[in-house]
1. Of Asn263, Asn301, Asn307, Asn285, which residue is under 40 Å from the mean Cα position of the chain (by Cα) and more than 27 Å from Pro195 (Cα to Cα)?
2. With respect to Thr190, is the statement that it is touching a residue at least 24 places away in the same chain (Cβ under 8 Å), β-branched (Val, Ile, Thr) and surrounded by fewer than 16 Cβ atoms within 10 Å (Cβ to Cβ) true?
3. With the requirement that a residue be out of contact with any Lys or Arg (no Cβ under 6 Å at 6 or more places or on another chain) and open to solvent by less than 30 Å² (accessible area, probe 1.4 Å), what does segment 206-224 give you?
4. Considering only residues of segment 298-320 that are of a type in the set (A, V, I, L, M) and either within 20 Å of Thr257 (Cβ to Cβ) or in contact with a helix residue (DSSP H, G or I) (Cβ under 6 Å, 6 or more places away or on another chain) (or both), which is most open to solvent (accessible area, probe 1.4 Å)?
5. Under 6 Å between Cβ atoms, which residue pairs at least 6 apart in sequence (or on different chains) link something in segment 87-109 that is without any contact (Cβ under 8 Å) to a residue 60 or more places away in the chain with a partner that is of a type in the set (S, T, N, Q) and assigned to a helix (DSSP H, G or I)?
6. Can you run down the residue pairs with Cβ atoms below 9 Å, 6 or more apart or on separate chains, where the first is in segment 538-553 and open to solvent by less than 20 Å² (accessible area, probe 1.4 Å) and the partner is assigned to a helix (DSSP H, G or I) and among the aromatic types (Phe, Trp, Tyr)?
7. Can you give me the number of residues within segment 503-537 that are of a type in the set (A, V, I, L, M, F, W, C), closer than 27 Å to Lys54 by Cα and touching a residue at least 24 places away in the same chain (Cβ under 8 Å)?
8. Go through (1) part of a helix (DSSP H, G or I); (2) in contact (Cβ under 8 Å) with a residue 24 or more places away in the chain and name the single condition Ala320 misses.
Amino acid sequence: MISQQQVTSDDAYKEYQRLSAAMAKSFPEDAMKTYYRTSFSERQLEIYLSQHFKRLDLLPFITDRPTFVMDAYLHSGNWFRAIGFVAQSIISYNDFFNFYKAHQKELTPKQIKGYNSMISFAHSNLANNYEQLKYLDSAAAEHKKNIRFNDTLSTISHPSAINNYGLFFYWTKKDKDSALINFKLAYDITKQHFPSNTLSASIRDNIADIYLDQNKDAEARDLYAMNFEFYKTAIEETTNARDISRLISAGAQLIQTNLNIENIEQAQDVFSELDTIVANAKTRNEFMPNSKLEYLSAKANLYKAQNKLYTAYAALEYKAFLSDSLAAVAAQQDSQWRDELNTITVDRVALKFEIDRMEKESEIKSQKTALRFTTLISSAFIIFLLLLFLGRRQHLINANSKALLAEQHLENAALKVEQLHLEIESKQRDLSDFALNLTQNQQWAELFASKLKLLKSGDPKIRHSVLEALELDIKNKVQLDSDTKVFYERLDKLNDAFYSHLNSKFPNLSKNEVRLCSLIRLKMDSNRIATLQNITLASLNTSRYRMRKKMQLADAVYLDDFIQQL
């Protein structure tokens, strides 16, 4: 934690730029790879996160560059969201909004106008982040903020915000009536003020999906027909080109809805037109895999309706082959993503709490030093008075005996004070370990409560499987706690000399951190260590980060190598 007296605004800005330059050597901020989690190895992400958090700590001290600070918070929210750290993304977006509110008066009208689209984008992303974490009330509130913010702006962001609110009701809340109300409102605004914008087609697609859910196939067919005609000539705003994938999707949906209302002739007419579009897309390499699946599905359903079963079967067989191939690739990428994502997670709140705790401990230690000195002086004074009193009563005791007695009392008092100080430090470390364990147990209890909630509200058919899963979780936790206790008793006995050496070099390490060092020294991988300590990989990496801070290791020094050399 940086103190206000330690750094000026200019110093903080220069240090921020220095850190940014170091980070950009491997991962420039404007490079696409920086926004993909799979671009980072575990070691690279550990270093990048450490440097990024140092930059965030500097932002409150940069007081003369408000737009620079706002852009930095926005970038942080976008980057955390892109690589999957949703909770940290929420913190950065809220930091941006708080800073913007506090410094808006310092901006020119042109600057304020320039931030409008970014504010709307941040509101939308923040709402989506809350949805991912199941904070639905916060997500709904953020959607409403976005709508109110855009209500006075004559931009496409206004109907887009209303449409996003409709998608929140449709996908997350499963409230089709509320979703349809918002979709229709967004469509009316778009049709009136932005008729050529592709958002209008997206909203029509959303309304048609609800109509299909309500078995209103004819109404849905009319909307898909409008989209099919629209995408033939429409230019997508961001790419400045035709959206062939959406055109093929609209055609496939139009064929399917015609088949639903048994209008096979019109379905055939649309397919003939779509077949030509697909042929042209193939020649220009614009025929994407997902578009192939939609096209093949429409083709198979049309041939089936026409009783051309052999041709329909061939289309379905090719679709199944393509779908399996895409699923295999997606599964491999998803597995790689999850494995790598689980290696590093950052709990910024816990990190700040730990830093605050360390500062308070340092302050308490300083106060205890002064208190210990005062105690020694007081004890010496009391002993001196006692010796004077005894001297008056015992005239037969000579001066040498008095001096020896006084020295013995002083040594005993100093020893007791030192022992008391050591006991206090030990209790503080145990309390820190207990707090960490309590947090982990609370997380397990929250997971347990969520499963109970699922058990209460879920389908009776799945209750038995949920109960079995709960029973297995409880047995595993009880067995893990017992086995872990035995393991650590043996580990402590075998590493007594190492513990003494480590405590002499780093006396501020907690008991759990000393044990973590011994596990790293045994060359155990992160997954095994997390299992033994009954914590997540995210909490383990947070512990590793705190140890680096306590050991004052440079970014270039790898923690595991350092411990192996002790």
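The values are calculated or read from the model by the stated rules, or taken from the named source; none is laboratory data. The structure presented is a predicted model; accordingly, all values stated were derived computationally and were not measured. In this analysis, Cβ positions are derived from the backbone assuming ideal geometry, glycine residues included, and neighbour counts consider all displayed protein chains. Areas reflect the complete protein model, heavy atoms only, side chains present, ligands, DNA and RNA absent. Shrake-Rupley method; radii C 1.70, N 1.55, O 1.52, S 1.80 Å.
1. Working: Asn263 fails: under 40 Å from the mean Cα position of the chain (by Cα); Asn301 fails: under 40 Å from the mean Cα position of the chain (by Cα); Asn307 fails: under 40 Å from the mean Cα position of the chain (by Cα).
Just one listed residue meets the conditions, Asn285.
2. Numbers: touching a residue at least 24 places away in the same chain (Cβ under 8 Å): yes; β-branched (Val, Ile, Thr): yes; surrounded by fewer than 16 Cβ atoms within 10 Å (Cβ to Cβ): no.
No, not satisfied.
3. Asn206, Ile207, Ala208, Ala220, Tyr224
4. The first filter runs over segment 298-320 and keeps only residues of a type in the set (A, V, I, L, M), leaving 298, 300, 302, 305, 309, 312, 314-316, 320.
From what's left, either within 20 Å of Thr257 (Cβ to Cβ) or in contact with a helix residue (DSSP H, G or I) (Cβ under 6 Å, 6 or more places away or on another chain) (or both): 298, 300, 302, 305, 312, 315-316.
Working: Ala298: 4, Ala300: 3, Leu302: 0, Ala305: 48, Ala312: 5, Ala315: 7, Leu316: 85 Å².
Filtering first and then ranking leaves Leu316.
5. Ser89/Asn129; Ile90/Asn129; Ser92/Ser76
6. Listed by first residue and then by second, the contacts come to Met551/Phe562.
7. Qualifying residue count for the region: 7.
8. Tallying (1) part of a helix (DSSP H, G or I); (2) in contact (Cβ under 8 Å) with a residue 24 or more places away in the chain, Ala320 fails exactly one: (2).
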